[in-house]
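Read the structure below first, then the notes.
Bear in mind that the values in this text are calculations on the coordinates, not laboratory data. Bear in mind the structure is a predicted one, so any value in this text is a computation, not a measurement. Glycine also receives a Cβ, built like all others from the backbone with ideal geometry; neighbour counts cover every protein chain displayed.
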Amino acid sequence: MTLDRLSQTRIKLFPFVVLIGFGVFAIYEWFIIDYSIAFGASNDIIFYISTDVGADFLTYDDIISGFSLKYPSNWQSEQHVDKSVTFIAPRESNSDPFPAGLSVTSKKVPSNISITAITKKQLATLKSLYPDTHILESGDTTFLGHQAHKLTFTATDNTHTLRKAMQIWFKTDTRAYLITYKASDNKFSSYLPIIEMMLSSFYTYPTS
């Protein structure tokens, strides 16, 4: 992010963060996520970063991680120390400890890693970490013109809560991306229009 861009960005330090992604993206030794904080709370220091682009939506712009997207202005954007970012919906009530949200993880990978290899590893890791995983949909697709895989499933997270999630993973020449939308089972469909808008605004920067 350039200094000019940074000067237009509000940055606030938060003492905690709730990760909303299933975050089980591991591509051999090149792509490792800390599975112990895939659900629930983490004490990692994070930054709140947003750029106002209008009354309804903000743009998250991260040239270093190689992507940008738009998200609702009343959602909270949290960037974590591992460079992943989450976009969290407002709580619907005080009894809603884990609101819906979308997370994005981006890592550099060797150019010869195939989407098939990523998918095989991802599915095996998911089932290993969350034994009650129930896959509702799984299939190859395209995202931003890249080969991708889309997965929809339910699983019990480490807060002992049954959650429903949709994941899309894809790779460019030098980076792999994992996008995770996660919500309570009974709220999953209601947030899909917003999630689809966010996905339609997704952009990847050329990276080396």
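What net charge is computed for the residues neighbouring TYR130, neighbours being all others with C-beta under 13 Å from the C-beta of TYR130, Lys and Arg scored +1, Asp and Glu -1? Working shown, then result.
Details: positive: LYS127, ARG163, LYS164, LYS182; negative: ASP132, ASP157.
Overall, the nearby charge balance is +2.
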- Counted charge near LYS150, where neighbours are those whose Cβ lies closer than 10 Å (Asp, Glu -1; Lys, Arg +1): -2
- Query: Based on the Cβ-Cβ distance of VAL81 and SER111, what FRET efficiency does E = 1/(1 + (r/R0)^6) give at R0 = 35 Å, to the nearest 0.05?
  - Reply: 0.85
- Apply the Karplus parameterisation 6.51 cos²θ - 1.76 cosθ + 1.60, with θ equal to phi minus 60°, to every residue of segment 148-163 and state each ³J(HN,Hα) to the nearest whole Hz, in sequence, with x for glycine and proline. 8, 9, 10, 9, 10, 7, 10, 6, 8, 7, 7, 9, 6, 10, 6, 10
- Item | Over 27 Å between alpha carbons, listed pairs LYS121/LYS187; LYS108/LYS187; LYS70/LYS121; LYS70/LYS120; LYS70/LYS127; LYS70/LYS164 | LYS121/LYS187; LYS108/LYS187; LYS70/LYS121; LYS70/LYS120; LYS70/LYS127
- Per-residue ³J(HN,Hα) for segment 65-76, Karplus 6.51 cos²θ - 1.76 cosθ + 1.60, θ = phi - 60°, Hz, x for Gly and Pro: 7, x, 8, 9, 7, 9, 8, x, 5, 9, 8, 9
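What full-extension length gain, to one decimal in nm, is calculated for THR156 and THR142 as 0.36 nm per residue of separation minus the Cα-Cα distance?
Values: separation 14, 0.36 × 14 = 5.04 nm, distance 2.82 nm.
Once the chain is fully extended between THR156 and THR142, it gains 2.2 nm.
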- Please list the non-local residues whose amide H lies under 5 Å from the amide H of LEU144, H modeled 1.01 Å from N, same-chain partners needing a gap of 5 or more. none
